[in-house]
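Novice: So that we are looking at the same thing, I have put the structure below in structure tokens.
Bear in mind these aren't lab numbers, they're just calculated from the coordinates by the rules spelled out. Small disclaimer: the values here were computed from a predicted structure and weren't measured. No Cβ is skipped: glycine too gets one built from the backbone with ideal geometry, and neighbour counts run over all protein chains shown.
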Amino acid sequence: MMRFSWLAFLLITLSCVPISQQAGGSATADANGVYVDKRMRTDDFVYENNIRTVLLYPRAAGGQDAVAAVLAPPVLPLDQPVPLLLEFDELGNAFKNYRAKIFHCNADWSLSQLNDMDFLMTFNDFLLNQPNLSLNTKVPYVHYTMEVPRVKLSGNYVVMVYREGNVKDILLTKRFVIFDNQVNVVARIAPSSGISERNTNQQIEFSIVHPDVNLINPRENVRIVLRQNYLWETAITGLRPTAIWEDRRLLEYQHFGLENNFPGGNEFRFFDIRSIRFLGQNVRHMDITSDSNRVYLLPDQPRTREAYAQTIDFNGRYVIANYEQGSGAIEADYADVFFTLVAPQQPNGRVHVWGALTDWKVSDQTLMRYNAAEGVYQGQLALKQGYYNFQYVLEEPGGRLNRAIFEGNHFQTENHYEVIAYYRPPGARGDLVIGYALLRHNSRN
């Protein structure tokens with residue numbers, strides 16, 4: 001058994017996509033939406049087009065609002081007061097046997113060299129045993145849920161779901177983080193130190209206090225990740241301490257070259273399709289037939305030149321819900337949602353709908369096509385009923401996503417930020433998360 005486990009681990013390790021190639025999501029799919037090359041990735045990724053609405057979040061604690069739980073990131077302390085829940089749909093009405101594995105990763109999301117028993121309390125193979133067929137939906141689907149097993153080490157993790165009997169037949173991968181606060185991360189959000197960026201950027205200033213932990217060679221062994229709104233795609237990495245005070249057990253990160261700056265962005269646009277019987281917010285009209293749902297949103301305008309307007313958003317995320325039936329998990333239906341952006345044609349780049357509704361990635365499915373006769377970009381996504389946030393982005397040559405061109409940047413924008421501190425002790429075989437801080441800028445709560 002040990003020999004088999006090691007060989008399986010080796011095969012998966014050798015087949016992983018390099019971290020530098022993961023952000024684009026450029027794998028090739030066949031006519032059925034199944035990716036031809038299913039090499040395991042360590043980012044959030046769906047390998048088949050019929051796998052939809054993948055969510056990973058902490059289970060609601062006693063008395064906690066269920067919506068707040070779904071919107072929370074998959075980040076938990078090591079004692080894990082609540083488990084993480086994984087949910088996804090598979091289009092169709094056939095039940096399948098699916099299993100899951102968990103992988104420990106380093107700060108850069110390369111697989112660590114830890115053995116399964118180093119971070120798990122049981123054998124690393126878990127059955128998804130709670131499938132449910134959708135009820136009274138025009139688009140049939142099977143809804144799968146899984147309670148992610150607890151781990152006993154901090155760090156970056158990936159849960160991988162695959163078809164039973166073939167560990168290489170992967171359906172999805174999803175990231176989560178477990179932290180153990182051995183150090184104190186002291187952080188705040190400030191105006192940018194750059195003069196021209198004062199009105200557009202948000203600067204994260206922080207230091208690490210470690211009175212109880214002896215950090216060996218922290219300049220090399222401590223790694224910092226800054227995230228805005230829980231996104232790995234736009235995370236800042238590679239920051240080194242600007243001062244190390246051994247007598248005060250203090251690492252200072254006082255950067256003045258905008259290395260710790262994020263563009264503030266803008267509040268996310270939104271629409272409400274929790275009902276298909278009446279028009280929700282920002283829905284222009286619906287075409288509901290006996291076998292399909294088509295939803296047309298109100299046309300949008302670029303907001304680059306507009307003044308900042310305070311609105312409440314979910315920072316790009318969404319909540320699944322159904323007003324008529326009550327149970328969003330298995331009674332919410334799927335609808336074709338049509339987007340319209342009134343804007344001049346962009347000569348250098350492709351326009352996309354972007355947000356958690358597209359897994360924070362761009363592809364041919366998220367592409368907006370230009371209608372020159374009407375002077376608008378038009379796009380379409382198949383989405384489950386719920387309340388959605390989104391933005392429009394321009395994919396520039398080389399793959400860079402330009403959010404500012406349609407949305408603008410404002411220092412006042414409400415954003416969530418995380419400071420994640422990683423450390424690899426001498427002789428260790430993986431990076432651990434020894435400090436975590438969550439900041440809310442201009443929070444409405």
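Novice: Could you check the simple spin-label distance between ALA94 and ASN129, using points 7 Å along Cα→Cβ, in nm with one decimal?
Specialist: Going by the 7 Å Cα→Cβ label model, 2.4 nm.
Novice: Rounded to two decimals, what is the ratio between the C-alpha radius of gyration of region 228-341 and 2.2 N^0.38 Å?
Specialist: Rg over 2.2 N^0.38 Å, computed on Cα atoms: 1.64.
Novice: Where in region 319-355 is the amide nitrogen less than 20 Å from a point lying 7 Å along the Cα-to-Cβ axis of ALA382?
Specialist: 319-322, 328-340, 353-355
Novice: Rounded to whole Å, give me the distance from the Cα center of region 326-370 to that of region 93-143.
Specialist: 27
Novice: For the chain, how big is Rg over Rh, using alpha carbon atoms and the Kirkwood form of Rh?
Specialist: 0.96
Novice: Have a look at region 318-445 and give its Rg and Dmax from the Cα atoms, expressed in angstrom.
Specialist: 19.4, 64
Novice: Another question, if that's okay. Assuming R0 = 30 Å, what is the FRET efficiency of ARG39 and MET117, from their Cβ-Cβ distance, to the nearest 0.05?
Specialist: 0.75
Novice: Place +1 on the Cβ of every Lys and Arg and -1 on the Cβ of every Asp and Glu in region 153-252, take the dipole about the Cα centre, and give the residue among PHE206, GLY238, MET160 whose Cα lies farthest towards its positive end.
Specialist: MET160
Novice: I would also like to ask the following. So between ASN371 and ALA428, what do we pick up on full extension, going 0.36 nm a residue minus the alpha carbon distance?
Specialist: Stretched fully, the ASN371-ALA428 segment lengthens by 14.9 nm.
Novice: Also, I was wondering about something else. Estimate the FRET efficiency between GLN301 and ASN221 by the formula 1/(1 + (r/R0)^6), using the beta-carbon distance for r and 45 Å for R0, to the nearest 0.05.
Specialist: Calculated transfer efficiency: 0.35.
Novice: Which of HIS416, HIS441 has the fewest other C-beta atoms within 10 Å, and how do the rest follow up to the most?
Specialist: By the 10 Å Cβ count, ascending, the order reads HIS416, HIS441.
Novice: Within the set of other residues whose C-beta is less than 11 Å from the C-beta of SER275, count the net charge using Lys and Arg as +1 and Asp and Glu as -1.
Specialist: -1
Novice: Per 5 Å bin, what percent of the C-alpha pairs of region 147-193 does each bin hold, from zero upward?
Specialist: P(r) over region 147-193, rounded to whole percents: 5, 13, 17, 15, 14, 11, 9, 7, 6, 3, 1.
Novice: Just round it to a whole percent: the fraction of Cα-Cα distances in region 252-315 exceeding 14 Å.
Specialist: Counting every Cα pair in region 252-315, those more than 14 Å apart make up 71 percent.
Novice: Taking 7 Å along the Cα-to-C-beta vector as the label spot, tell me the THR145-ALA66 distance in nanometres, rounded to one decimal.
Specialist: Label at THR145, label at ALA66, 0.9 nm between them.
Novice: When Lys and Arg each count +1 and Asp and Glu each count -1, what net charge do the other residues less than 14 Å away from ARG444, Cβ to Cβ, add up to?
Specialist: Spelling it out: positives minus negatives among the neighbours equals -2.
Novice: Among 172-178, 391-397, how do they line up by average Cβ neighbours within 10 Å per residue, starting with the highest?
Specialist: Sorting 172-178, 391-397 by mean packing, highest first, produces 172-178, 391-397.
Novice: Something else about it: Multiply the residue separation of THR311 and ALA190 by 0.36 nm, subtract the distance between their alpha-carbon atoms, and state the gained length in nm to one decimal.
Specialist: Full extension of this stretch gives 41.5 nm more.
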